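Read through the structure below, which is laid out as C-alpha cells, and then see the notes.
The values are calculated or read from the model by the stated rules, or taken from the named source; none is laboratory data. If you're wondering where the values come from, they're calculated on a predicted model, not measured in any experiment. Cβ sites come from the backbone with ideal geometry, for glycine too, and all protein chains shown count toward neighbours. Each accessible area value is taken on the protein alone, full model and side chains, heavy atoms only, with ligands, DNA and RNA left out. Shrake-Rupley method; radii C 1.70, N 1.55, O 1.52, S 1.80 Å.
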Amino acid sequence: MDRKVRVRFAPSPTGPLHMGGVRTALFNYLFARKQDGDFLLRIEDTDQNRYVPGAEDYIIESLKWCGLVPDEGVGFGGNFGPYRQSERKDIYYKYAEQLVANGNAYYAFDTPDELDALRAEAEADKGVFSYDTHTRLKLKNSLTLSRDIVEEKIKAGEPWVIRFRMPEDTVVTENDLIRGEVSFNTASLDDKVLFKADGMPTYHLANVVDDHLMQISHVIRGEEWLSSMPLHILLYKALGWEDTRPRFAHLPLILKPVGKGKLSKRDGDKMGFPVFPLLWKDPVSGEQYRGYREDGYLPEAFVNLLALLGWNAGNDQELFTMDELIQSFSLDRVVKSGARFDPEKAKWFNRHYLQQRPDAWLSESFRKQLEEKDVAAGDQERLIRIVGLIKDRCTFPADLWEHGSYFFVAPGSYDEKTISKRWKDDTSGKLQAIADFFKSLDNWEAEQIKEDFSAFMNQKEWSFGQVMVPIRLALVGSSQGIDLFLIFGLLGKEETIRRIEKALQVIKTA
RNA sequence: GGCCCGUUCGUCUAGGGGUUAGGACGCAAGAUUUUCAUUCUUGUAGCAGGGGUUCGAAUCCCCUACGGGCUACCA
C-alpha cells in the first residue's frame, strides 16, 4: 500500500527567494497536485545569524503570486506544525542524543578557532582538513575523552556540538528519482555537525527529523543537496526510520545566461532581467533587486517559463496552464543537466500570456499608467478599443504607453530620420491641402474617412506613399503605429487637423 | 585538491542501437500590413573529443576534456 504523497518546500529565510527556489517550489507543487498529495511550506530558520527580516513574508507572497498555495505550513495551518524550525527547537536534541546513545554520533568540544587553525594548517600543506574517520580520534570529543571528562566539560558549561559518526568505507547507493542510481563511499565523507553549540540543530538533522515527523514521502530539492544525500540516508537509518524514509529527487540547477556558474543575485542587474519573483529591498543595505512581478511579467508566464527550465512534457507543447502542467508533470521527465536561463524566451512567454488577457484587464493597467503620468485616460470604451488595437505590439503592460501614448498626448518631437527621408519639398503643401480637406468632412468615422480621402487623393492624382508617412509623423511623431485611418477616427477630427498643422509649423523644410 | 553530477543547434529541449537528428526562443529572408509591430512561410545552426562493443552508434561501455555542485557549529 502506497503512502500518501506529501512533499515540502523548505526555504531558509536568509533573503529573497530566487527564481531557482520558486522553480523548486513549483515542481514540488505540481508533483503533489498530480498525485493528489499535500504540499507543505516549512521555514528552515535554524541559523539565527543569517535570519533576514521580511524574507519569510517575501517567500509566502511569492508563492501566492505564482499560485503555489501550500496545503500546510507557516501561514497556512496544518496538523504537523509548527512549521518554522525555530519553533521546533525543543524536539531536535532528543534525536541527537539518541544517535549518541546508539553510537552513531558523539559530542565534540573542538572550538571553531581550533578547527580553523587545523584547516589553515592543512591548507598550508596543500591539503584539506576534514573532521572524519581519520582525524576524529586525534580531536577533542567523546570518542577520545573519558566519560567522566566529557560529563565534566558539559556540566562546566563548555560549548559542545554533536557530530555524526560517519561509518568507515561503506558504499551508500540511492536511486534518485531524476538521476537514477547514485553512489557514495563514506570514506570521502566527513563527520558533519548535527547539533550546534547554540542549541539549534543543523540543517541536516532538522531536515531529516522534520521530514520524518511531517511524513514527507518525497524530497524534491536542488542539486546542491545531492552530496548530502548519503548523510541524510544514513541518518534515517541510524534513527531507525529507514522503512518510511522519503525518496529523493535532485533538480538540475539554473545557470547564468552567459558566463560561468549558477544564476546569482546580481546577475539580474548586470544582464537586465529579474532573478527574483518580486521586488526586494534589502532591509539592511537598502539595496534593491527587481522582480518579475514589478517588471510586468504575468504570473502564468513566469510559472510557465520556470516549468520549462529543466522539464518538458515529452512532446512539442511549450505553453501550459497550471492545470495542464499538473496533468503533464512527472519527475522522470525532469532533465539532468543544468539549464541556462534565457531572458529572451522569458519575454516570449510573457508576450503570449499578455495577449491572452482581456482588453478590459489591460485597459486597467493602461489607465493606471496614464494616471501616473497625469494624462487623462478619458472614455473607458475608447480606452479598451485602443488597447485592443495596440496590444499585439506589447510584451509588457508598460509597453501600452509606448505604443499608445499618441492617442492621449500629441507628439512633442518628430523623428529626424523619418523627416529627412520622407518629408519632401512639396510635402508641406500637400499636407496643408489635406488638412483643409479634412475640415470639410462631416462624417469623421474611420471607414468613411478612408473612402473620402481616397477620392480626394485620386482627384489630386497624389499617391498615398507620398503623404501617409508624413501624416503619420505629424500624428504620432514617428513612422510607427496602427492603421492611420483608425488613428484619425480615434483622435477625432479637430485633434487630427490640429496635429497636422502643428507639424507644418514645426517641421521646416530647407 | 577530493567526492558527486552532467555534456544534442547560440539558448531551452525531443530523440535511449538503423531518423533527411524533430520542436521552441533568437537570428535571417520572403509574404501580408502603402508605415512600424504583429501574423504567416521559409531558412540558419547541433550529437565535446578519442577509443571500444556492434553489420550498424547521438543512443551502450571506457578514457580525456569541459561544465556544474558540494567540500562551515550556512542552508
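When A:S264 is tested against the conditions (1) crowded, with 16+ Cβ neighbours inside 10 Å; (2) within 10 Å of RNA strand B (Cβ to nearest atom), the lone failure is (1).
Can you confirm whether A:F349 is free of Cβ contacts under 8 Å to residues at least 40 places away in the same chain and either under 35 Å from the mean Cα position of the chain (by Cα) or more than 21 Å from A:G477 (Cα to Cα) (or both)? So A:F349 does not fit the description; no. If you go through the stretch A:127-141 and pick out every residue that is loosely packed, with under 12 Cβ neighbours inside 10 Å and either more than 10 Å from RNA strand B (Cβ to nearest atom) or farther than 21 Å from A:L189 by Cβ (or both), you end up with 3.
Looking at the stretch A:195-303, the helices (runs of 4 or more DSSP H) lying wholly inside it that each contain 2 or more residues that are in contact (Cβ under 8 Å) with a residue 12 or more places away in the chain and in contact with a helix residue (DSSP H, G or I) (Cβ under 7 Å, 6 or more places away or on another chain) sit at A:203-213, A:229-238.
Looking at the stretch A:334-351, which of its residues are open to solvent by 30 Å² or more (accessible area, probe 1.4 Å) and either more than 20 Å from A:M19 (Cα to Cα) or more than 10 Å from RNA strand B (Cβ to nearest atom) (or both)? If the condition is that a residue be open to solvent by 30 Å² or more (accessible area, probe 1.4 Å) and either more than 20 Å from A:M19 (Cα to Cα) or more than 10 Å from RNA strand B (Cβ to nearest atom) (or both), then no residue fits. Can you confirm whether the stretch A:180-190 contains a residue that is open to solvent by less than 20 Å² (accessible area, probe 1.4 Å) and of a type in the set (A, V, I, L, M)? The answer is no, given that none of the residues of the stretch A:180-190 is open to solvent by less than 20 Å² (accessible area, probe 1.4 Å) and of a type in the set (A, V, I, L, M). Among the residues of the stretch A:433-464, those that are assigned to a loop (DSSP other than H, G, I, E, B) and within 16 Å of RNA strand B (Cβ to nearest atom) comprise A:E461, A:W462, A:S463.
Can you confirm whether A:K439 is closer than 20 Å to A:Q480 by Cα and open to solvent by 70 Å² or more (accessible area, probe 1.4 Å)? Taking the combined requirement at face value, the residue does not satisfy it.
Quick one: A:G103 ticks every box in (1) at positive phi; (2) within 15 Å of RNA strand B (Cβ to nearest atom) except a single one, so which number is it? So A:G103 meets the others, but not (2). Got at least one residue in the stretch A:364-387 being of a type in the set (D, E, K, R), under 29 Å from the mean Cα position of the chain (by Cα), within 15 Å of RNA strand B (Cβ to nearest atom) and open to solvent by 30 Å² or more (accessible area, probe 1.4 Å)? No, because not a single residue in the stretch A:364-387 is of a type in the set (D, E, K, R), under 29 Å from the mean Cα position of the chain (by Cα), within 15 Å of RNA strand B (Cβ to nearest atom) and open to solvent by 30 Å² or more (accessible area, probe 1.4 Å). The sole residue among A:E174, A:E158 that is more than 9 Å from RNA strand B (Cβ to nearest atom), in a strand (DSSP E or B) and touching a residue at least 40 places away in the same chain (Cβ under 8 Å) is A:E174. Candidates A:I254, A:I220, A:I216: the one that is among the hydrophobic types (A, V, I, L, M, F, W, C), under 21 Å from A:V22 (Cα atoms), within 10 Å of RNA strand B (Cβ to nearest atom) and crowded, with 18+ Cβ neighbours inside 10 Å is A:I254. Every residue in the stretch A:479-510 that is open to solvent by 20 Å² or more (accessible area, probe 1.4 Å), away from RNA strand B (no atom under 16 Å from the Cβ) and within 20 Å of A:W423 (Cα to Cα), please. A:R498, A:E501, A:K502, A:L504, A:Q505, A:V506, A:K508, A:T509, A:A510 - these are the residues of the stretch A:479-510 that are open to solvent by 20 Å² or more (accessible area, probe 1.4 Å), away from RNA strand B (no atom under 16 Å from the Cβ) and within 20 Å of A:W423 (Cα to Cα).
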